[in-house]
Amino acid sequence: MQGKLKGEERPHHNDAARTLGFPTMQSGDAVEHLLEASGVRLLGLGEGLEPVRDLLEALAARHPRLTLTMGEMVRHLQSCAFVVTQNSAAAFSGYFFGKPALFFGQIDFHHIGVRADLADLSHSFATVGQTAPDFAAYIRWFWQEHCINAGRAEAEEKIVARFKRFDWPL
């Protein structure tokens, strides 16, 4: 489902927000790595950042391209170029706004995202900046084909099939 832009360039957003979520990060190494590799402005969002908030605030004081904020995810997703995350649902929310995602971890909705190459982060950022998948088709596929939609007539049949597939008791 991954596609490329059709003869047009994605606008470069020097001052646009990029979301960053590393809820299990124990050091600032990952964020500093991103700042060095990307050349973009990063915006740390979300409750998952609370355990490392002091660390991130210290990094933000040293790096003017790193901004920390809580809330207003929708506003930031509307104006960003892409989402950078370990495994945050903010990336899926970004799909509704046509924002590609760069993943540093595993997540269920990775199919149209770009997997970060830790050996070549500059290439990863370049790739996600040029990625233009069919977001609407992916969202439909993910919710209607990949997941079990409890509101559809075949939901019970799919649930039973899933239990049988994993040999779980009914």
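The values are calculated or read from the model by the stated rules, or taken from the named source; none is laboratory data. Remember, it's a predicted structure, so these values are computed and weren't measured experimentally. So basically every Cβ, Gly included, is an ideal-geometry build from the backbone, and we count neighbours across all protein chains shown. Accessible surface is based on the protein model in full, side chains and every heavy atom, while ligands, DNA and RNA are left aside. Shrake-Rupley method; radii C 1.70, N 1.55, O 1.52, S 1.80 Å.
Rounded to the nearest 0.05, what FRET efficiency do Ala150 and Ser79 give with R0 = 35 Å and r taken as the Cβ-Cβ distance? Could you check?
E(calc), rounded to 0.05, equals 0.55.
On the accessible surface of region 97-151, probed at 1.4 Å, how many percent belong to carbon and sulfur atoms?
Carbon and sulfur atoms account for 53 percent of the accessible area of region 97-151.
Counting only heavy atoms of the protein chains, get the accessible area per residue of region 104-149 (1.4 Å probe) and round it to a whole Å² value. Could the numbers behind the result be given before it?
Values: 2470 Å² over 46 residues.
Here the residues of region 104-149 average 54 Å² of exposed surface.
If you average the alpha carbon positions of region 122-166 and of region 66-81, how far apart do those two centres end up, in angstrom?
Computed from Cα coordinates, the inter-centre distance equals 25 Å.
Taking loop as defined by DSSP and a crowding limit of 11 other beta carbons within 10 Å, which trypsin sites (Lys or Arg not before Pro) in region 65-170 fit?
Within region 65-170, the qualifying trypsin sites (Lys or Arg not before Pro) (loop, at most 11 other Cβ atoms within 10 Å) are Arg152.
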